[in-house]
Amino acid sequence: MKRKEEVKHFFEQTDIYFNFDYNIKIRTETVAEMIVDEQFDNVLDMPCGNGVISLKNKKQFEKLTLVDFSESMIALAKKYAEQENANNISFTCGDIFDTNFQDEEFDLIISLGILAHIDDIDKFLNYIQSKVKKGGSIIIQNTNSDHFYSKLIRLYLGVRKLLGKDKYSLNKVPTSLVENSFKKAGFTCQKVFRYNQSFIGFSKLFSNTKKYKLTRKWFGKVGNNKNASLGSDYIYLFKKD
């Protein structure tokens, strides 16, 4: 099975995705904190997962496009949008690089949880950077592969792969790669929030509610990011000059 197919198979398993719903909540709130008091005409969330992160902030979006290559995730996003009576939402299920937006530009692109999984990181970054209009923004997440906590996670996942529990390895993406890419493309970093997901070996010991509270207590929120140097997960807001 090719890597792309392995990634798709993993994200079709929605029960695994929802095991981390405390992290989805943190990401949703972080996006809200980064764009507080702003309004956007045309927003792209790619990959959107179950759509919750963008749909929770939909009142600030005139038009929202949700893209994911997981049929299960798009189905969940459609269901949630219907429950929320969300209007002006379009859905696309397919490969990110096969999306055809032609000359369409967005004033906000949200892209969380993709860099660790995608085949061609530079191609993806160049693509989303080109689809943002001047003065527009990109919110993107990356797990810094150079951080000590990421190295522990990678060691743990390496053992899981040797035991046959995981099929593919996550990409190594240092912060320098992401930050330099955006700098060269004419973006400036406006905001960043750093935190960690649940610690190795402890994830199953706590409920999602408890993990959420512990993460917030330890790392705070946008504008009050406590213990930031300990956080290997970065959520950036880049603005196109």
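The values are calculated or read from the model by the stated rules, or taken from the named source; none is laboratory data. Values in this document were obtained by computation on a predicted structure and should not be read as measured data. Cβ sites come from the backbone with ideal geometry, for glycine too, and all protein chains shown count toward neighbours.
Of all residues in the range 122-152, exactly one satisfies the criterion of being aliphatic (A, V, I, L, M) and surrounded by fewer than 19 Cβ atoms within 10 Å (Cβ to Cβ), namely Leu152. Here is the figure for the range 66-115: residues that are in a strand (DSSP E or B) and hydroxyl-bearing (Ser, Thr, Tyr) total 3. With respect to Val43, is the statement that it is assigned to a strand (DSSP E or B), of a type in the set (A, V, I, L, M, F, W, C) and in contact (Cβ under 8 Å) with a residue 12 or more places away in the chain true? Here the answer is yes, as Val43 does meet what is asked. For the range 222-241, a tally of residues being out of contact with any helix residue (DSSP H, G or I) (no Cβ under 8 Å at 6 or more places or on another chain) and not in a loop (DSSP other than H, G, I, E, B) returns 4. For Lys133, are the conditions met, namely being closer than 21 Å to Ala185 by Cα and in contact (Cβ under 8 Å) with a residue 60 or more places away in the chain? Answer is yes for this residue. When the range 201-221 is filtered for residues that are touching a helix residue (DSSP H, G or I) at 6+ places or on another chain (Cβ under 7 Å) and at pLDDT 90 or above, the ones remaining, listed by number, are Tyr212, Thr215, Lys221. Could you tell me whether the range 17-37 includes any residue that is more than 17 Å from the chain's Cα centre (by Cα) and over 23 Å from Lys211 (Cβ atoms)? Looking for residues that are more than 17 Å from the chain's Cα centre (by Cα) and over 23 Å from Lys211 (Cβ atoms), one finds at least one in the range 17-37, hence yes. Within the range 89-108, if we keep just the residues that are under 22 Å from Gln39 (Cβ atoms) and of a type in the set (D, E, K, R), the residue that is surrounded by the most Cβ atoms within 10 Å (Cβ to Cβ) turns out to be Asp107. You will find that of Phe91, Phe61, Phe69, the residue that is touching a residue at least 24 places away in the same chain (Cβ under 8 Å) and in contact with a Leu (Cβ under 6 Å, 6 or more places away or on another chain) is Phe91 and no other. Of all residues in the range 16-29, those that are under 13 Å from Gln197 (Cα atoms) and modelled with pLDDT under 95 have Cβ atoms under 6 Å from Cβ atoms of residues that are buried (at least 16 other Cβ atoms within 10 Å of the Cβ) and aromatic (Phe, Trp, Tyr), 6 or more apart or on another chain, in Tyr22/Tyr212; Lys25/Tyr212.
Number of residues in the range 155-200 that are outside any loop (DSSP other than H, G, I, E, B), at pLDDT below 75 and surrounded by fewer than 15 Cβ atoms within 10 Å (Cβ to Cβ) equals 6.
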